[in-house]
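Below is one structure, written out as structure tokens; the observations come after it.
The values are calculated or read from the model by the stated rules, or taken from the named source; none is laboratory data. All figures in this text were calculated on a predicted structure; none of them were measured in a lab. Don't worry about glycine lacking a Cβ; one is built from the backbone with ideal geometry, like all the others, and counts go over all protein chains shown.
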Amino acid sequence: MKIFNPSQNLILAATIFLLSIVPLRAQDRPQDFLAAHNQARAEVGVGPLRWDNQVAAYARNHANQRKSVGCSMEHSSGGPYGENIAWGSGNLSGVEAVEMWVKEQFDYDYDSNTCAWNQVCGHYTQVVWENSVKLGCAKVRCNNGNTFITCNYDPPGNWVGEWPYGETKIKTII
């Protein structure tokens with residue numbers, strides 16, 4: 001007994017082929033932002049963040065403001081939350097933005113609590129900041145086709161002179 005006729009077989013084969021060569025883009029749902037953040041936090045023994053709708057509303061408001069002025073790469077000012085922002089040409093996903101921030105871990109020296117010379121690592125330290133427990137993120141597509149993403153953290157991290165997580169945590173993962 002035939003299940004598919006020849007043309008259906010061709011369509012099925014083409015679909016399977018396309019799915020195998022086209023990378024599936026990460027979504028921009030709250031659970032996707034959370035999973036990317038919490039994976040990085042787990043790697044250094046820090047507890048998970050949880051999604052907070054109030055923090056997300058703040059992020060959404062800031063993202064919409066940036067969109068209205070051409071998506072310039074600017075932080076919100078005077079807000080109550082920690083903040084990471086990202087800008088990308090094309091359709092940068094939320095997960096890709098978090099991965100960009102997390103890659104800064106290679107420029108962060110825990111022992112001295114500093115970034116490598118002439119490097120940025122504050123996005124990474126905010127992602128893994130132990131005392132931050134709530135997360136809210138937003139993404140907008142700019143009129144020129146680019147993307148602006150912001151994630152906010154409550155309470156904020158990156159306090160001068162403080163480490164992002166306890167020394168005992170780093171010793172347990174080495």
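Would you call Ile3 more than 17 Å from the chain's Cα centre (by Cα) and either modelled with pLDDT under 95 or surrounded by 13 or more Cβ atoms within 10 Å (Cβ to Cβ) (or both)? Steps first, please.
Numbers: more than 17 Å from the chain's Cα centre (by Cα): yes; either modelled with pLDDT under 95 or surrounded by 13 or more Cβ atoms within 10 Å (Cβ to Cβ) (or both): yes.
Here the answer is yes, as Ile3 does meet what is asked.
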Helices (runs of 4 or more DSSP H) wholly inside the range 43-151 containing at least 2 residues that are among the polar types (S, T, N, Q) = 53-68, 122-127
inquiry  = So if I check each of Ser93, Ser72, which one is at pLDDT 95 or above and farther than 13 Å from Asn152 by Cβ?
reply    = Ser93
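For (1) among the aromatic types (Phe, Trp, Tyr); (2) surrounded by fewer than 16 Cβ atoms within 10 Å (Cβ to Cβ), each residue gets a yes or a no:
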position: Trp101; (1), (2): yes, no
position: Ser112; (1), (2): no, yes
position: Trp129; (1), (2): yes, no
position: Asn144; (1), (2): no, yes
position: Asn152; (1), (2): no, no
position: Pro155; (1), (2): no, yes
position: Asn158; (1), (2): no, no
task = Could you list, in sequence order, all residues of the range 101-141 that are hydrophobic (A, V, I, L, M, F, W, C) and closer than 11 Å to Gly157 by Cα?
result = Val127, Val128, Trp129, Val133
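Any residue at all in the range 105-113 that's under 14 Å from the mean Cα position of the chain (by Cα) and either at pLDDT 95 or above or more than 28 Å from Gly70 (Cα to Cα) (or both)?
The first filter runs over the range 105-113 and keeps only residues under 14 Å from the mean Cα position of the chain (by Cα), leaving 105.
Filter once more, keeping what is either at pLDDT 95 or above or more than 28 Å from Gly70 (Cα to Cα) (or both): 105.
Taking every residue of the range 105-113 in turn, at least one turns out to be under 14 Å from the mean Cα position of the chain (by Cα) and either at pLDDT 95 or above or more than 28 Å from Gly70 (Cα to Cα) (or both).
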Any hit, the range 23-32, residues being of a type outside the set (Gly, Ala, Ser), surrounded by 13 or more Cβ atoms within 10 Å (Cβ to Cβ), in a helix (DSSP H, G or I) and at pLDDT 95 or above = yes
inquiry  = Scan the range 80-102 and tell me whether some residue there is in contact (Cβ under 8 Å) with a residue 24 or more places away in the chain, over 16 Å from Arg50 (Cα atoms) and in contact with a Pro (Cβ under 8 Å, 6 or more places away or on another chain).
reply    = yes
task = Working carefully through the options Ala36, Ala59, find the one that is surrounded by 20 or more Cβ atoms within 10 Å (Cβ to Cβ) and within 18 Å of Cys142 (Cα to Cα).
result = Ala59
